[in-house]
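Peer 1: This is the structure I have questions about; it appears just below.
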Amino acid sequence: MSATETVTLPGSLADKGGPAQALLIVKDLRKYFPVRGGIFGRRQAMVQAVDGVSFSVEKGETLGIVGESGCGKSTTARLLIGLTEKDAGEIIFDGQGLGGELSPRELRRGVQMVFQDSYASLNPRLTIEDSIAFGARVQGLDDPVGRAHRLMARVGLDPTRFAQRYPHELSGGQRQRINIARALAMSPRLVILDEAVSALDKSVEAQVLNLLVDLRGEFGLTYIFISHDLNVVRYISDRILVMYLGEVVEVGPVDAIWSAQAHPYTRSLFSAMPSMDPDNRTKTPPLSGDPPNPIDPPEGCRFHTRCRFADSVCKTRAPKLLEMPQTPGHLAACHLHDPASGHPKAGTEVMG
Amino acid sequence: MTEKLVDIRNLTVRFKGARTVYAINDLSLSLKQGETLALLGESGSGKSVTLKTLLRLLPPRRSEIEGEIRVNGTDVQALSGKALQSYRGGEVSMVFQDPGLALDPVYTVGAQIAEAVMRHKGLRKEEAISTAFDMLQRVHIPSPERRLRNYPHELSGGMRQRVMIALALACRPRLLLADEPTTALDATVQIQILLLLRDLQREFGMGVIFVTHDIGVAVEVSERIAVMYAGRIVEEGTTHEIINDPRHPYTRGLLAANLHDIARGERLNAIPGAPPALEEPPSGCSFAPRCPMAGPVCRAGVPDFVNLGPRRRVACLRVDPVPAE
């Protein structure tokens with residue numbers, strides 16, 4: 001999957017930084033949402049949806065983002081395409097910073113998104129053809145209708161049958177194909193798939209995953225794939241990023257994380273997957289209780305309230321993302337892996 | 001007769017309106033006392049309609065129901081008035097997917113559980129409250145005496161689902177119907193609720209019908225699985241048999257689509273097409289249009305069940321006589 005030999009979609013933004021330049025770099029991204037209450041609608045508290053998130057996405061790779069509800073994965077996605085305005089942090093697309101050299105309009109040529117709810121994300125009053133051609137028309141790309149027809153055919157929907165239909169006349173799987181075609185109509189280089197296959201039935205989900213893999217190879221696309229389904233994320237991603245309460249707790253190559261989860265939260269998330277073996281069912285739940293409220297996240301390491309390895313240092317000091325010595329590119333934010341942290345079990349293999 | 005807790009025979013459910021929907025087509029199913037059965041299927045396969053029929057929750061004017069449904073020997077279709085009221089919640093109760101919608105927002109959770117106990121068991125208020133307290137303890141809610149006085153919105157999603165389970169089990173029903181009770185929950189909470197249900201089933205010894213679209217969830221909770229497609233059961237057997245020796249092409253496709261143990265980048269063996277619209281009664285095997293093994297004979301008539309063993313059946317004409325491996 002090297003970025004040098006890819007065929008791009010017609011009208012794609014030109015590659016500026018070359019293959020060595022990461023397509024997307026995110027630095028210290030932060031977004032707090034105010035919660036208003038009381039008689040005068042005063043600001044009462046802040047939901048710390050995304051708090052100091054940094055990562056990068058190489059050209060041609062797929063980054064999977066996993067985490068439970070409220071961990072900030074969808075907010076991160078929305079910040080990346082400017083649907084929600086960030087409070088702080090930098091977004092650098094192919095070497096150009098958003099807000100500086102790169103305008104939001106240009107960013108949206110380069111980055112497109114597919115949402116979970118296939119119906120809510122299509123305009124019910126536009127035909128399929130108009131929906132797909134809309135963005136291309138606004139951006140002044142040539143032949144929007146021809147583009148729409150070619151992409152419909154590519155995602156497996158015959159344009160002669162479907163072009164004039166409306167979203168309610170299609171099944172969930174077909175609508176999600178339309179959403180993918182619409183995202184591709186802008187000739188993006190990065191596609192953010194936010195739970196894009198989660199609402200589909202399993203048999204249809206497999207079809208759409210096959211399509212996404214084909215399109216990625218064909219057009220040299222880069223994906224950010226957000227899902228709560230670890231099996232799906234593992235299948236499609238090169239690297240995985242794990243979020244918990246607005247922070248990155250672990251990031252690394254899929255195989256490294258699959259074989260040895262470094263953060264206790266990631267370990268719990270993996271143990272919570274149903275076993276699929278009737279003779280060897282799960283005996284004890286890996287965690288008790290629900291994730292804490294992001295309005296008032298715990299001090300120190302945000303996971304310490306549910307972590308069975310938590311020590312006094314975890315309650316006071318937030319751990320840094322550090323690289324695992326044995327596996328380059330595999331980072332985790334846990335005092336257990338930092339010999340200098342002062343955690344009594346730091347550096348020992350407590351997780352087994 | 002009474003050995004079977006649930007006995008559904010040749011159930012057919014049609015919804016009438018601007019168009020007719022053939023939701024359930026000739027479904028037969030039985031459940032023994034103390035058994036846990038997972039009804040596995042995708043959206044529109046009729047699994048939730050089967051549960052609602054068992055509780056008589058379908059709108060009577062718009063639905064046509066044929067066939068026989070007996071729960072513990074009682075003809076459910078013939079129930080009405082007081083008898084139906086005490087059947088619902090007393091004999092059979094249900095846990096829904098969204099506890100936020102199923103609980104009443106204006107009463108405390110303690111009052112809601114106590115009300116059910118007073119109504120069905122005829123207990124006085126203080127006794128009912130102490131039953132509610134006992135139930136909250138059994139579903140492992142921390143500080144139950146405080147939680148009794150909480151309103152549903154003050155609880156987290158996982159906690160609400162625990163309350164829902166406490167409410168459903170407070171009157172010690174013989175049969176618990178669970179309609180995707182963990183689908184809306186996070187992974188780490190889902191496994192807690194699944195294990196809780198498994199423990200409570202063992203403790204109380206009730207029969208459970210658990211509706212889910214997730215094979216992994218079915219494996220965790222059930223001892224038997226019935227796979228549904230387009231309003232019919234296409235395969236039934238023990239969980240072990242369904243997972244390790246699936247015979248129906250649809251079951252095999254579903255297992256493959258679970259992506260468990262699939263190599264990265266390997267092409268998925270996806271079932272093509274989409275489920276049928278159910279606007280006509282089935283004239284052949286409903287899965288034939290998507291089936292790699294289908295032939296003219298599959299479209300000619302609805303396939304009968306092939307019995308592969310005691311309580312092990314497959315509705316497929318092309319079923320292999322020997323296990324695939």
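The values are calculated or read from the model by the stated rules, or taken from the named source; none is laboratory data. Everything quoted here is computed from the prediction, not taken from an experiment. Neighbour counts run over all protein chains shown; Cβ positions are idealised from the backbone, glycine included.
Peer 1: What single numbered condition from (1) assigned to a loop (DSSP other than H, G, I, E, B); (2) in contact with a Cys (Cβ under 9 Å, 6 or more places away or on another chain); (3) of a type outside the set (Phe, Trp, Tyr) fails to hold for B:Cys298?
Peer 2: The number of the failed condition is (1).
Peer 1: Just give me the residues in segment A:278-321 being among the acidic types (Asp, Glu), surrounded by 15 or more Cβ atoms within 10 Å (Cβ to Cβ) and at pLDDT 90 or above, in sequence order.
Peer 2: Correct list: A:Asp311 only.
Peer 1: Tally time: how many residues in segment A:45-62 are within 15 Å of the chain's Cα centre (by Cα), in a strand (DSSP E or B) and away from chain B (no Cβ under 14 Å)?
Peer 2: 7
Peer 1: Provide a single number: the residues in segment A:213-229 that are assigned to a helix (DSSP H, G or I) and surrounded by 23 or more Cβ atoms within 10 Å (Cβ to Cβ).
Peer 2: Adding up the residues that qualify gives 0.
Peer 1: The conditions are (1) among the small types (Gly, Ala, Ser); (2) farther than 26 Å from B:Pro303 by Cβ; (3) surrounded by 15 or more Cβ atoms within 10 Å (Cβ to Cβ), and B:Ala18 fails exactly one of them. Which is it?
Peer 2: All conditions pass for B:Ala18, except number (3).
Peer 1: Based on this model, can you work out whether A:Gly99 counts as free of Cβ contacts under 8 Å to residues at least 40 places away in the same chain, on the phi > 0 side of the Ramachandran plot, touching a helix residue (DSSP H, G or I) at 6+ places or on another chain (Cβ under 7 Å) and of a type outside the set (Lys, Arg)?
Peer 2: no
Peer 1: Only one residue in A:Ile65, A:Ile128 is surrounded by 15 or more Cβ atoms within 10 Å (Cβ to Cβ), in contact with a Leu (Cβ under 7 Å, 6 or more places away or on another chain), at pLDDT 95 or above and of a type outside the set (D, E, K, R). Which one?
Peer 2: A:Ile65
Peer 1: What is the residue count in segment B:130-145 for residues that are within 27 Å of the chain's Cα centre (by Cα) and without any contact (Cβ under 8 Å) to a residue 24 or more places away in the chain?
Peer 2: 2
Peer 1: Please indicate, with yes or no, whether at least one residue in segment A:310-325 is farther than 24 Å from A:Tyr32 by Cβ and touching a Cys at 6+ places or on another chain (Cβ under 8 Å).
Peer 2: yes
Peer 1: If I filter segment B:248-255 for residues that are more than 7 Å from chain A (Cβ to nearest Cβ), part of a strand (DSSP E or B) and either within 14 Å of the chain's Cα centre (by Cα) or closer than 20 Å to B:Ala315 by Cβ (or both), do I get at least one hit?
Peer 2: No, because not a single residue in segment B:248-255 is more than 7 Å from chain A (Cβ to nearest Cβ), part of a strand (DSSP E or B) and either within 14 Å of the chain's Cα centre (by Cα) or closer than 20 Å to B:Ala315 by Cβ (or both).
Peer 1: Sticking with this one: For segment B:194-225, what are the residues that are under 14 Å from the mean Cα position of the chain (by Cα) and of a type in the set (Lys, Arg)?
Peer 2: Correct list: B:Arg224 only.
Peer 1: Test each condition in (1) surrounded by 19 or more Cβ atoms within 10 Å (Cβ to Cβ); (2) within 30 Å of B:Glu3 (Cα to Cα); (3) small (Gly, Ala, Ser) for B:Gly122 and report the one that comes out false.
Peer 2: Every condition holds for B:Gly122 apart from (1).
Peer 1: Which residue is nearest to the chain's Cα centre (by Cα), if the candidates are limited to segment A:266-291 and must be in contact (Cβ under 8 Å) with a residue 24 or more places away in the chain and more than 9 Å from chain B (Cβ to nearest Cβ)?
Peer 2: So the residue we want is A:Thr266.
Peer 1: Just for segment A:292-319: of the residues that are among the hydroxyl-bearing types (Ser, Thr, Tyr) and either assigned by TED's automatic domain parsing to the domain that holds A:Gly37 or more than 27 Å from the chain's Cα centre (by Cα) (or both), which one is nearest to A:Ala346 (Cα to Cα)?
Peer 2: My answer is A:Ser312.
Peer 1: Out of the residues in segment B:291-310 that are surrounded by 14 or more Cβ atoms within 10 Å (Cβ to Cβ) and under 30 Å from B:Leu31 (Cα atoms), which is nearest to the other protein chains (Cβ to nearest Cβ)?
Peer 2: Out of the qualifying residues, it is B:Cys291.
Peer 1: Tell me, yes or no, whether segment A:187-200 has at least one residue that is surrounded by fewer than 16 Cβ atoms within 10 Å (Cβ to Cβ) and either assigned by TED's automatic domain parsing to the domain that holds A:Leu83 or without any contact (Cβ under 8 Å) to a residue 12 or more places away in the chain (or both).
Peer 2: yes
Peer 1: Please work out if B:Glu236 is farther than 16 Å from A:Asp201 by Cα, outside any loop (DSSP other than H, G, I, E, B) and of a type in the set (D, E, K, R).
Peer 2: Taking the combined requirement at face value, the residue satisfies it.
Peer 1: If you go through segment A:32-39 one residue at a time, do you hit one that is among the aromatic types (Phe, Trp, Tyr) and under 24 Å from A:Leu193 (Cβ atoms)?
Peer 2: Yes, some residue in segment A:32-39 is among the aromatic types (Phe, Trp, Tyr) and under 24 Å from A:Leu193 (Cβ atoms).
Peer 1: Give just the number: which of (1) free of Cβ contacts under 8 Å to residues at least 12 places away in the same chain; (2) more than 12 Å from chain B (Cβ to nearest Cβ); (3) under 30 Å from A:Lys16 (Cα atoms); (4) out of contact with any Pro (no Cβ under 9 Å at 6 or more places or on another chain) does A:Asp214 not satisfy?
Peer 2: Here A:Asp214 meets the rest and fails (2).
Peer 1: Which pairs turn up if I take residues in segment A:324-352 that are among the basic types (Lys, Arg) and look for partners that are surrounded by 13 or more Cβ atoms within 10 Å (Cβ to Cβ) and in a loop (DSSP other than H, G, I, E, B) with beta carbon separation below 8 Å, at least 6 apart in sequence or on another chain?
Peer 2: Final answer for the pair search is A:Lys345/A:Phe309; A:Lys345/A:Asp311.
Peer 1: Sticking with this structure for a sec: Quick check on A:Ser259: is it on the phi > 0 side of the Ramachandran plot and either away from chain B (no Cβ under 14 Å) or not charged (D, E, K, R) (or both)?
Peer 2: no
Peer 1: Can I ask one more? When B:His240 is evaluated against the numbered criteria (1) free of Cβ contacts under 8 Å to residues at least 12 places away in the same chain; (2) away from every other protein chain (no Cβ under 11 Å); (3) under 23 Å from B:Ser28 (Cβ atoms), which criterion, by number, is the only one it fails?
Peer 2: Here B:His240 clears every test but (2).
Peer 1: Next question. Considering only segment B:213-252, state which residues are among the β-branched types (Val, Ile, Thr) and touching a helix residue (DSSP H, G or I) at 6+ places or on another chain (Cβ under 8 Å).
Peer 2: Across segment B:213-252, the qualifying residues are B:Ile215, B:Val217, B:Val219, B:Val221, B:Ile225, B:Val227, B:Val234, B:Thr239, B:Ile242, B:Ile243, B:Thr251.
Peer 1: Across segment B:146-161, which residue is nearest to B:Pro99 (Cα to Cα) among those that are more than 10 Å from chain A (Cβ to nearest Cβ) and without any contact (Cβ under 8 Å) to a residue 40 or more places away in the chain?
Peer 2: Filtering segment B:146-161 for residues that are more than 10 Å from chain A (Cβ to nearest Cβ) and without any contact (Cβ under 8 Å) to a residue 40 or more places away in the chain, the one nearest to B:Pro99 (Cα to Cα) comes out as B:Glu154.
Peer 1: Regarding segment B:264-281, can at least one residue be identified that is farther than 28 Å from B:Ser93 by Cβ and either in a helix (DSSP H, G or I) or more than 14 Å from every other protein chain (Cβ to nearest Cβ) (or both)?
Peer 2: yes
Peer 1: For segment B:124-142, how many residues are part of a loop (DSSP other than H, G, I, E, B) and closer than 27 Å to B:Glu180 by Cα?
Peer 2: Of the residues in segment B:124-142, 4 are part of a loop (DSSP other than H, G, I, E, B) and closer than 27 Å to B:Glu180 by Cα.
Peer 1: Taking into account only those residues within segment A:322-352 that are in contact with a helix residue (DSSP H, G or I) (Cβ under 7 Å, 6 or more places away or on another chain) and of a type in the set (A, V, I, L, M, F, W, C), which is surrounded by the most Cβ atoms within 10 Å (Cβ to Cβ)?
Peer 2: Among them, the one singled out is A:Cys334.
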